[in-house]
Amino acid sequence: MSEFKVQFEMFEGPLDLLLYLVKKEEVDIYEVNLTKLATEFISYVDLMRQLDLDIAGEFLVMASTLMYIKSRELLPKDLQVVVEGEEDGEDPRWELIRQLVEYKKFKDAAGRLQEMEHAQENVYRRTAPKLSFDAPVQRMEVSIFDLVNAVNVILKRFAPTDSRDVFEDKWTVSEKIEAIVNLMRQRPAVKFSELFAEATSRTEVVVTFLAMLELIRLKQIVIAQTEEFSEIEISQAPPQPVAAPPTEAPAEAAAAPIAELNLRMN
Amino acid sequence: MELKTIIEAVLFNSQKPLSPKELRDVLSQTAENSEEPLAKSFRKTKDEELIAVLETLAQEHATAARTFRLVCVAGAWQFVSQPEFAPWIKTLVGEKSRPGRLSQPALETLAIIAYRQPLTRAEMEQIRGVAVDGVMQTLLERGIVEQVGRAEVVGRPVLYGTTPAFLEYFGLRGLEDLPAADELRKIPVKKPEALLTVEPGLATAPPEQLALQEVVPRETTPAEPPPEPPARA
């Protein structure tokens, strides 16, 4: 059953199916026997219905037009409908043939466009290389270990406190994300240590660090070193669709695993 | 040195296709910055002259049958490689960043828009015989077609036309470059509006039968011979 479905989807619409039927008859569109065509078209629509396919409304409209044409043909010539002054203007046969011919022309034109589309895939444009004598800024990859290392250096500024006391969450990751994004708007590149220059506690450093990691994950910023062992630099990522900021999360809950990691690294 | 060779050198070193206007700007700016009489002499080169030079240049490259040719796409001139060298160039520069190929319905709809623009969705649907909403969305998203105005008829439906990106995608110089444009662009002789409003099966048949009956009966004949005057008795 599904194989048939594939076959029916080949037809873009009733006109496409009619053209296919005309082609099968191997006659000129202008000489096609519309009565026979009507019978075939309706048997196709019937088959579609038997196969339980969704029949587009257009197919039914066409089927009724064809039925009308067929019913007219049953009358002797001299009894057929002729409207005064508009001999072929109102003739549904001519109207249908005209529509078919026009559709065929555009179908052919679409074929030519397709050929051009394929041909164009093989055409390569010459572009002169950009002349630039400035030495490009070298960028070295920064690994997660480099980052953890760097944040550890910062953390050493603060004496490890016995954190059995419960503090309120003064900082949230999303706040810090906003702060970093704002900073990046003002300057294209920021040094790693600058991010933490105003931090007052270990927790704040960790929260800021998490915010930075989140921005990297969201591809909002990139981190790099200009040379080995130099300070890590944070810069704006190349333009990309803006990702929604993450939902507000309490800092302490998120900070916990990293803090543990740091302890172990120490 | 003649204008033709200068244009060739500029195009060869350009990082993007250049329109005649951009080429003219290069010529006039060079003339301003240079003391050389030769450069000065091209200060006021006319567009027609430039286009003629570009055509000759393209012709010369074609006759020389080089591995590249000079083409005009969407009004801008550029050097492109001949398609038969694509396999090697592809290896060198990689696959071109090009969106996927257009589907058959999209191409059909696009052909109708390209040849008949500006036109409404209803007009496209009339030719294709099916709805075009889905494919229109694809074409609009890819920037190949765009809204170009509104038809001054009831409901003021949106009119659509092709964009320069359409010409670039198919490597066309302009719309006049479309194949068989004369045949497809002309407005069909018959105006279909009248037919769409009339349901032929119902509207035409009854009046016709009435008309036939009017001709056939010969009520006049019996009435014609005046009754014989009663005998003058």
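The values are calculated or read from the model by the stated rules, or taken from the named source; none is laboratory data. From a predicted model like this one, the values you see are computed outputs, not experimental measurements. So basically every Cβ, Gly included, is an ideal-geometry build from the backbone, and we count neighbours across all protein chains shown.
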### Query
Is one or more of the residues making up the range A:167-174 part of a helix (DSSP H, G or I) and modelled with pLDDT of 85 or more?
yes
## Note on the structure
Over the range B:132-150, the set of residues touching a helix residue (DSSP H, G or I) at 6+ places or on another chain (Cβ under 9 Å) and of a type outside the set (Val, Ile, Thr) is B:Asp133, B:Gly134, B:Met136, B:Leu139, B:Arg142, B:Gly143, B:Glu146, B:Gln147
### Query
Do we have any residue at all in the range B:25-48 that's at pLDDT below 90, within 14 Å of another protein chain (Cβ to nearest Cβ), within 21 Å of B:Gln78 (Cβ to Cβ) and assigned to a loop (DSSP other than H, G, I, E, B)?
no
### Query
Filtering the range B:103-156 down to residues that are free of Cβ contacts under 8 Å to residues at least 12 places away in the same chain and among the basic types (Lys, Arg), which residue is farthest from the other protein chains (Cβ to nearest Cβ)?
B:Arg156
### Summary
Expected single match for among the small types (Gly, Ala, Ser) and in contact with a strand residue (DSSP E or B) (Cβ under 7 Å, 6 or more places away or on another chain) among B:Ala114, B:Ala131, B:Ala122, B:Ala74 is B:Ala114
### Message
Here are the criteria: (1) under 16 Å from A:Glu102 (Cβ atoms); (2) not in a loop (DSSP other than H, G, I, E, B). Tell me which single one B:Gln147 does not satisfy.
### Response
(1)
### Members of the range B:2-22 found to be in a helix (DSSP H, G or I) and touching a residue at least 12 places away in the same chain (Cβ under 8 Å), listed by number
B:Leu3, B:Lys4, B:Ile6, B:Ile7, B:Glu8, B:Val10, B:Leu11, B:Phe12, B:Pro20, B:Lys21, B:Glu22
### Query
Consider A:Glu12 against the criteria (1) part of a helix (DSSP H, G or I); (2) surrounded by 20 or more Cβ atoms within 10 Å (Cβ to Cβ): it satisfies all of them except one. Which criterion is unmet?
(1)
### Query
Taking the range B:59-70, which residues are under 17 Å from A:Glu121 (Cβ atoms) and more than 8 Å from every other protein chain (Cβ to nearest Cβ)?
B:Arg69
#### Entry: Output for the range A:197-234, where each listed residue is surrounded by 14 or more Cβ atoms within 10 Å (Cβ to Cβ), touching a residue at least 60 places away in the same chain (Cβ under 8 Å) and polar (S, T, N, Q)
A:Gln225
### Query
Are any residues in the range B:109-122 surrounded by 19 or more Cβ atoms within 10 Å (Cβ to Cβ) and either over 15 Å from the mean Cα position of the chain (by Cα) or part of a strand (DSSP E or B) (or both), and if so, which ones?
B:Leu119
### Query
In this structure, does B:Ala106 turn out to be within 22 Å of the chain's Cα centre (by Cα), modelled with pLDDT of 90 or more and either small (Gly, Ala, Ser) or closer than 30 Å to B:Met136 by Cα (or both)?
yes
